[in-house]
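Scroll down for the structure; my scribbles are underneath it.
The values are calculated or read from the model by the stated rules, or taken from the named source; none is laboratory data. The model shown is predicted, which means the values in this text are computed figures rather than measured ones. Methodologically, a virtual Cβ is constructed for each residue, glycine included, from the backbone with ideal geometry; neighbour enumeration extends over all protein chains shown. Quick note on the areas: whole protein, heavy atoms, side chains included, nothing else; ligands and nucleic acids left out. Shrake-Rupley method; radii C 1.70, N 1.55, O 1.52, S 1.80 Å.
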Amino acid sequence: MRDMTSSPAPDIAATGDRPRDRAALGLLLLLALIEFPLIAFVYDPFLIDNSDPAWRAVQSALRAIAPAAVFTLAALAMVLAPERRALAARRDAAMQNHRPRPFLIANLVGFVAMLALTKAFNLFGAGLASPPWALFMLWTAGVGGLYLLLALAAAPLPFWTQSARDYRWHGAAAAGVGGFVLAAARLSQQSWSALSDATFHVSAFFLSLVTDDVISRPAERILGTGDFKVNIAAACSGYEGVGLVLTFLAIYLWVFRKELKFPNAWALLPIGVAAIWTLNSVRIAALILIGEHVSQDVALTGFHSQAGWMMFLIVTIALMLAAHQLSFLRRDDAASRAPAEPSPAYRQALALLAPFLALTSAGILAAAFSAGGEWTYLIRVAAVGAAIVWVAPYLRALDWRAGLEPAMLGLLVGAVWIVTDPARGGEDALGAWLAGMPAGLAALWLFLRVIGTVALVPIAEEFAFRGYLHRKLIADQFETVAEGAFAWKAFLVTSVLFGVLHERWLSAMIAGAVFAIALYRSGKLSGAVVAHMTANAVIAAWAIAAGQWSLL
């Protein structure tokens, strides 16, 4: 029985209900991320007289506040990471007699009011001959008040004032990093033109190594040979590949920080940048050669979009392998701890990931050297089929007695996928392609496509997402986690990533969630596989029977 003399429990539990507390903090963070952008979207300073230089300068600074705040908060989270337990304990103590709900309600009411007031501010200011500075200051104070209310909903004011005093140097460092990142981002945008110039000349050099018939017009950034020419614009400079490699290698260095030798391992970053940028120039030279001597369609529709991913995989995989082989980058004690042969956990992870890696690699390779040719799908069938044969012992060891429920869930997913097809009723190139083929070849292609869609792809994707990644998100030693174990993080992350993998990302995200439910309900990985196979079988059968080829 509850002691009636005790103080009332806080609205957001701090010590007794960790999941609820984290969910509440997540809600507050979400509000912090969306409120200012939405208000800024409604706010239109260009309706107000823009001839005042001071007004233009203030509006320009206002546009820079949001990214600067994001960069600063991200840096602050990093520098305060070692203090997170101390901060959590301090907040727990401060939350004992704090009631955050009124502040949250006031924030939501104020947010709605600010949207309406911002719209009214635009209309009122449009009729003025000079900028309404007083009203603008009140508007700024109102936005600041919303974030003050969010802060008070997360913790009482004494917590914030004391933390600001104790961690003032952390905050100063984070502000410096945020400002530096913002300045670097602006500078990088201005330097894309210079980077594309360098890419142009290096690509021309590589092209000249293969052919003497090089067409080079640097002023227009036109590069080609024979009858095929391309424009080396800023987007071709290679900055996207550089960003991807830097992000991936930064994550890799963090994950394997105990096995790598620092500061030596930091050398991977400049090496990766130089390698991906150089290979980008090789890609452009190769694209021109393919367009001139093989096919312009292949060069522009396949190789152009997929070769970048191929280069990215080559660089990152090569650097990872080198890091674990070179004594300059690998810690000596890490080498002594390495087992003489792969562990059972490593073999199990390889078995779960090999079909998906084969599917992804074959898809990139097929797309890179084709111009929409449907027969290239056979490359995926062959690659995934070979990978599944290779891991057949693990496949046979699965308990396939999943019951009828996974199949029913898959039937539901398949029906929803068919009904929500955005291309339903429209013209489809695949249907025209099949109609123009001999009946025997069309039947052979459809048979192989159904094999890949119904049997191979579900195994590859479910092994990777629900078999490996799902358990890896629950525990680092994934092999110790039961196949049907549940965790919110694993459920949400795998469902979202599964959706991102597909073009119809929202429908695929929901499908991934249903396949995860089949996993939980059956307690077996085979439950998710059966649900996925059933869904794909329903989709393939309907596509063939109804001629709705957009589903394949």
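Output the residue which, of all residues in the range 259-281 that are aliphatic (A, V, I, L, M) and open to solvent by 30 Å² or more (accessible area, probe 1.4 Å), is nearest to L326 (Cα to Cα). Looking at residues that are aliphatic (A, V, I, L, M) and open to solvent by 30 Å² or more (accessible area, probe 1.4 Å), I get A267. Only a single item in (1) modelled with pLDDT under 85; (2) in contact with a helix residue (DSSP H, G or I) (Cβ under 7 Å, 6 or more places away or on another chain); (3) open to solvent by 50 Å² or more (accessible area, probe 1.4 Å) is not met by G179, and it is number (3). Scanning the range 476-507 for residues that are within 15 Å of the chain's Cα centre (by Cα) and in a helix (DSSP H, G or I) yields L492, V493, T494, S495, V496, L497, F498, G499, V500, W505, L506. Among the conditions (1) in contact with a helix residue (DSSP H, G or I) (Cβ under 8 Å, 6 or more places away or on another chain); (2) assigned to a helix (DSSP H, G or I), R85 misses just one, which is (1).
Checked against the criterion of being of a type outside the set (S, T, Y) and within 16 Å of G523 (Cα to Cα), the candidates D399, D476, D421 yield just one match: D399. Of all residues in the range 202-256, exactly one satisfies the criterion of being in contact with a Cys (Cβ under 9 Å, 6 or more places away or on another chain) and either open to solvent by 40 Å² or more (accessible area, probe 1.4 Å) or at positive phi (or both), namely R221.
Yes/no per residue for (1) modelled with pLDDT under 75; (2) in contact with a strand residue (DSSP E or B) (Cβ under 8 Å, 6 or more places away or on another chain); (3) not hydrophobic (A, V, I, L, M, F, W, C):
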| residue | (1), (2), (3) |
| --- | --- |
| P342 | yes, no, yes |
| R347 | no, no, yes |
| A354 | no, no, no |
| A371 | yes, no, no |
| A383 | no, no, no |
| Y394 | no, no, yes |
| L411 | no, no, no |
| V416 | no, no, no |
| A439 | no, no, no |
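Selection of first residues in the range 493-506 that are under 17 Å from R466 (Cα atoms) and of second residues that are among the basic types (K, R), restricted to Cβ pairs under 7 Å at least 6 apart or on distinct chains, gives the following pairs, ordered by first then second residue: T494/R466. Scanning the range 45-54 finds no residues that are among the aromatic types (F, W, Y), surrounded by 12 or more Cβ atoms within 10 Å (Cβ to Cβ) and closer than 27 Å to F136 by Cα. Residue-level check: of (1) surrounded by 15 or more Cβ atoms within 10 Å (Cβ to Cβ); (2) touching a residue at least 60 places away in the same chain (Cβ under 8 Å); (3) part of a helix (DSSP H, G or I); (4) not aliphatic (A, V, I, L, M), F103 misses just (2).
Residues A93, A106: which one is closer than 24 Å to I34 by Cβ and over 33 Å from the mean Cα position of the chain (by Cα)?
Answer to the selection: A106.
Under 6 Å between Cβ atoms, at least 6 apart or on separate chains: pull out the pairs that start in the range 465-485 with a residue that is in contact (Cβ under 8 Å) with a residue 24 or more places away in the chain and end on any residue that is open to solvent by 60 Å² or more (accessible area, probe 1.4 Å). Qualifying pairs under 6 Å: F478/K472.
Would you call T301 modelled with pLDDT under 80, among the β-branched types (V, I, T), out of contact with any helix residue (DSSP H, G or I) (no Cβ under 9 Å at 6 or more places or on another chain) and surrounded by fewer than 18 Cβ atoms within 10 Å (Cβ to Cβ)? So T301 fails the test.
Residue by residue, here is whether (1) in contact (Cβ under 8 Å) with a residue 40 or more places away in the chain; (2) of a type in the set (K, R); (3) in contact with a Lys or Arg (Cβ under 7 Å, 6 or more places away or on another chain) holds:
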site	(1), (2), (3)
V79	yes, no, no
R85	no, yes, no
H98	yes, no, no
N107	yes, no, no
G142	no, no, no
L149	yes, no, no
A155	yes, no, yes
T161	no, no, no
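Restricting attention to the range 523-552 and to residues that are within 28 Å of the chain's Cα centre (by Cα), aliphatic (A, V, I, L, M) and open to solvent by less than 30 Å² (accessible area, probe 1.4 Å), the residue that is nearest to R471 (Cα to Cα) turns out to be L525.
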